[in-house]
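Below you'll find the structure, written out as structure tokens, and then a few comments.
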Ligand code: ADP
Ligand code: MG
């Protein structure tokens, strides 16, 4: 009897152990299956985001064709190709004291530069930055410009020599801003009611921030033909020959060319490698169907693309246990976090763990999940950087600096001796995110090939928008406005 009981107990224990073991095995199998699904999400993303050089060259061609169409007629392309009426660029001979106002999305900066009349003799620029109070961003522009005008007045009044050069007519002001504006001349086009501080005549140029960057790039190096910005947003401008600017015939001076503000963030082509994450991001944005290129490339959006993929991964699996509620918050991952995770070279990916803890409030994310997230950041940023390179390739192609001749000129590679070509680059996405920068350089090299690539130089132009605007004020104060 006693023995029977012991036997019964042993059988029960064995059955229970089997049950526990089979539950554990089942859990492991399910978990492995879920992990495979997560890897599937990553593999699918990698495939959809692929940018082999053949595809990049299609994007290059599409960019050049769209540039052509945008120039040929208003509304001819999603690229606005705005005339800036900047038909001269600073060349180093500028002299005197100039002011600039650089209005951005969150800050505005007032600058004073002294130009010594020799290239690269910009004396220590004096810069003051102020945040734009959020309530003024949504109120009338009059209130905002009142604030800015007061700030300029104070800045000028506090000038080193105490002289009010601006209002007395000896100082000139350049103005730069990151918005698309259809201009009528180099100093008009945006409706601003300057109420205090200085007279409108003091403002001799108002340009897009890319144009300021091109101006400063050209001041330092006359081979500078284009400027691109990779910051919160992205945009580009370049120097175009007069005869290629069909839509402004009759308006132009005889200088032979003009800077065109491409507004390239709005570029679109069916060759762009788009995913369902991009489409969803776009449809939930405040500008659906617009700024398609920018939404794949710029600092404003890279973190958001990563968040959308991570959300999908966590819904497909248990990488974070249950789906973290914070992962549903749009724009919770900002791009500097993406670069910090991507470039975390600690063996245990400590920075990745820290950011996930801060952002998602999940401690102790397993190492294999952290590794997966680094790969995800890599896919999203690599695509962005390679498409950015294709954009630059498109400009070079349009102006015949890609070694193949201009698309309007119809020359062939053998006719053209490649000239040294400098592209000015500005923006923290490029300057602060090493992997973005390196992928961009690598892709541009692939696109141009080893014969042409060494002739193309990307040069970081710090403070381009602001100082460049002051330089343009100098260039245009000589004989006032044109157009
Ligand atoms: P803005 O676009 O306002 O003129 P910046 O050129 O400084 O200013 O760009 C700011 C943007 O650059 C940020 O919104 C962010 O997306 C990106 N950024 C800034 N720092 C980094 C970083 N370390 N890594 C990646 N992206 C960054
Ligand atoms: Mg900027």
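Rule-based calculations on the coordinates, nothing more; no lab input. All figures in this text were calculated on a predicted structure; none of them were measured in a lab. All Cβ positions, glycine included, derive from the backbone under ideal geometry; neighbour counts span all protein chains shown.
Test of understanding: extend the Cα→C-beta vector of residue 354 to 7 Å, then name every residue of the range 428-468 with backbone N under 18 Å from that spot.
433-434
Label-point separation (nm) for residue 368 and residue 142, each offset 7 Å from Cα along Cα-to-Cβ?
Taking the simple label geometry, residue 368 and residue 142 are separated by 6.5 nm.
Give the order of 439, 301 when sorted by the count of other beta carbons within 10 angstrom, beginning with the fewest.
On the way: 439 21, 301 24.
Ranked by crowding around the Cβ, least crowded first: 439, 301.
Just the number: Rg to Rh for the range 336-474, Cα atoms, Kirkwood Rh, two decimals.
Working: Rg = 19.7 Å, Rh = 17.5 Å.
Value, to two decimals: 1.12.
Compute the length gained on full extension between residue 361 and residue 378: take 0.36 nm times their separation in residues and subtract their Cα-Cα distance, giving the result in nm to one decimal. All intermediate terms of the calculation are to be shown ahead of the outcome.
Working: separation 17, 0.36 × 17 = 6.12 nm, distance 2.28 nm.
Taking 0.36 nm per residue and subtracting the Cα distance, the gain is 3.8 nm.
Each label point is 7 Å from the Cα along the Cα-to-Cβ direction; what then is the distance between the points at residue 48 and residue 459, in nm?
The modelled label-to-label distance comes out at 4.1 nm.
Tell me, what is the FRET efficiency for residue 130 and residue 428 to the nearest 0.05, using R0 = 25 angstrom and their Cβ-Cβ distance as r?
On the way: r = 19 Å, r/R0 = 0.76.
Step by step, r from the Cβ atoms, then E = 0.85.
Express in nm, to one decimal, how much length is gained between residue 280 and residue 241 on full extension, taking 0.36 nm for each residue of separation and deducting their alpha carbon distance.
Fully extending the segment from residue 280 to residue 241 adds 10.1 nm.
Given an 8 Å cut-off on Cα distances and at least 6 residues of separation, report the relative contact order of the range 220-347 as a percent. It would help to have the intermediate numbers written out before the result.
On the way: 139 pairs, mean separation 25.9, N = 128.
Relative contact order of the range 220-347: 20 percent.
Could you list 173, 42 so that the one with the fewest beta carbons within 10 Å of its beta carbon is first and the one with the most is last? Don't jump to the answer; show the numbers that get you there.
Numbers: 173 29, 42 16.
Lowest count first: 42, 173.
Could you work out how much longer the chain between residue 30 and residue 345 gets when fully extended? Use 0.36 nm per residue separation minus the Cα distance between them, nm to one decimal. Please report the intermediate quantities before stating the final value.
Values: separation 315, 0.36 × 315 = 113.40 nm, distance 3.15 nm.
Full-extension gain reported as 110.2 nm.
Taking a quarter of the surface of the Cα convex hull of the range 263-417, what do you get in nm²? If you can, show how the numbers build up before the last one.
Working: hull surface 45.8 nm².
Result: 11.4 nm².
Would you mind computing, in nm to one decimal, how far apart the modelled labels at residue 223 and residue 318 are, each placed 7 Å from Cα along Cα→Cβ?
6.0 nm
Based on the mean of other beta carbon atoms within 10 Å per residue, what is the order of 224-237, 142-155, 319-332, most packed first? Each step should come with its number before you reach the end.
Working: 224-237: 26.2, 142-155: 17.6, 319-332: 13.8.
Put in order of decreasing packing, that is 224-237, 142-155, 319-332.
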